[in-house]
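Trainee: Here you go, one structure.
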Ligand SMILES: [Zn+2]
């Protein structure tokens, strides 16, 4: 399915090659792919970094040098009826298949936050960043 207008807006400022992979992956999926976040400001990254450290909440990022700051990363999730399906691992895995396939077709290597070592075993070490994709 095509990306909706909201997702397209969130791809502004993201690397063109990565955007092409995301659009192509979206077309392969039988459900709507949602772009949660693309380009991130330094302020937003600092805010996320503080979460779980100097501010309440759970830790959501491990770095102040995120590829989101350079427009070289996106966070993707399945969505249905306007609700992001954060816990639907099967759909995140389907997104991964579509992303890898699109990446191969376009010759744009990508890395997945749920399988950093790319051995095909998502979340084997408890990786929690299933939405995260970045240029490799
Ligand atoms: Zn991310």
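Trainee: Given the criteria in contact with a strand residue (DSSP E or B) (Cβ under 7 Å, 6 or more places away or on another chain), on the phi < 0 side of the Ramachandran plot and free of Cβ contacts under 8 Å to residues at least 12 places away in the same chain, does residue 16 qualify? Step through it out loud before you land on a result.
Mentor: Working: in contact with a strand residue (DSSP E or B) (Cβ under 7 Å, 6 or more places away or on another chain): no; on the phi < 0 side of the Ramachandran plot: yes; free of Cβ contacts under 8 Å to residues at least 12 places away in the same chain: yes.
Against the criterion (in contact with a strand residue (DSSP E or B) (Cβ under 7 Å, 6 or more places away or on another chain), on the phi < 0 side of the Ramachandran plot and free of Cβ contacts under 8 Å to residues at least 12 places away in the same chain), residue 16 does not qualify.
Trainee: Next up: Filtering segment 81-102 down to residues that are within 16 Å of the ligand (Cβ to nearest atom) and not in a loop (DSSP other than H, G, I, E, B), which residue is surrounded by the most Cβ atoms within 10 Å (Cβ to Cβ)?
Mentor: Taking segment 81-102 first, the residues within 16 Å of the ligand (Cβ to nearest atom) are 84, 86, 92, 95-96, 99.
Narrowing further to those that are not in a loop (DSSP other than H, G, I, E, B): 84, 92, 95-96, 99.
Numbers: 84: 13, 92: 21, 95: 27, 96: 20, 99: 24.
Among them, the one singled out is 95.
Trainee: In addition: Which of the residues belonging to segment 33-60 are within 12 Å of the ligand (Cβ to nearest atom) and assigned to a loop (DSSP other than H, G, I, E, B)? Please lay out each step first, then the result.
Mentor: At the first step, the residues of segment 33-60 found to be within 12 Å of the ligand (Cβ to nearest atom) are 35-40, 44-45, 48, 60.
Correct list: 38, 39, 40, 60.
Trainee: Within segment 61-78, identify whether any single residue is more than 13 Å from the ligand (Cβ to nearest atom) and modelled with pLDDT of 95 or more, and answer yes or no.
Mentor: Quick first cut of segment 61-78, residues more than 13 Å from the ligand (Cβ to nearest atom) only: 64, 78.
Narrowing the set further to residues that are modelled with pLDDT of 95 or more leaves 78.
Taking every residue of segment 61-78 in turn, at least one turns out to be more than 13 Å from the ligand (Cβ to nearest atom) and modelled with pLDDT of 95 or more.
Trainee: Restricting attention to segment 16-32, which residues are touching a helix residue (DSSP H, G or I) at 6+ places or on another chain (Cβ under 8 Å) and within 15 Å of the ligand (Cβ to nearest atom)?
Mentor: 21, 22
Trainee: Next question, about the same structure. For segment 114-121, check the following and say yes or no: at least one residue is buried (at least 18 other Cβ atoms within 10 Å of the Cβ), in contact (Cβ under 8 Å) with a residue 12 or more places away in the chain and part of a loop (DSSP other than H, G, I, E, B).
Mentor: In the first step, residues of segment 114-121 are kept if they are buried (at least 18 other Cβ atoms within 10 Å of the Cβ); the result is 114-115.
From what's left, in contact (Cβ under 8 Å) with a residue 12 or more places away in the chain: 114-115.
Filter once more, so that each one left must be part of a loop (DSSP other than H, G, I, E, B): 114.
Yes: segment 114-121 contains one or more residues that are buried (at least 18 other Cβ atoms within 10 Å of the Cβ), in contact (Cβ under 8 Å) with a residue 12 or more places away in the chain and part of a loop (DSSP other than H, G, I, E, B).
Trainee: Could you check how many residues of segment 103-112 are out of contact with any helix residue (DSSP H, G or I) (no Cβ under 9 Å at 6 or more places or on another chain) and surrounded by 19 or more Cβ atoms within 10 Å (Cβ to Cβ)?
Mentor: 0
The values are calculated or read from the model by the stated rules, or taken from the named source; none is laboratory data. Keep in mind that this is a model prediction, so the values were computed, not measured. Cβ atoms come from the backbone with ideal geometry, glycine included; neighbour counts cover every protein chain shown.
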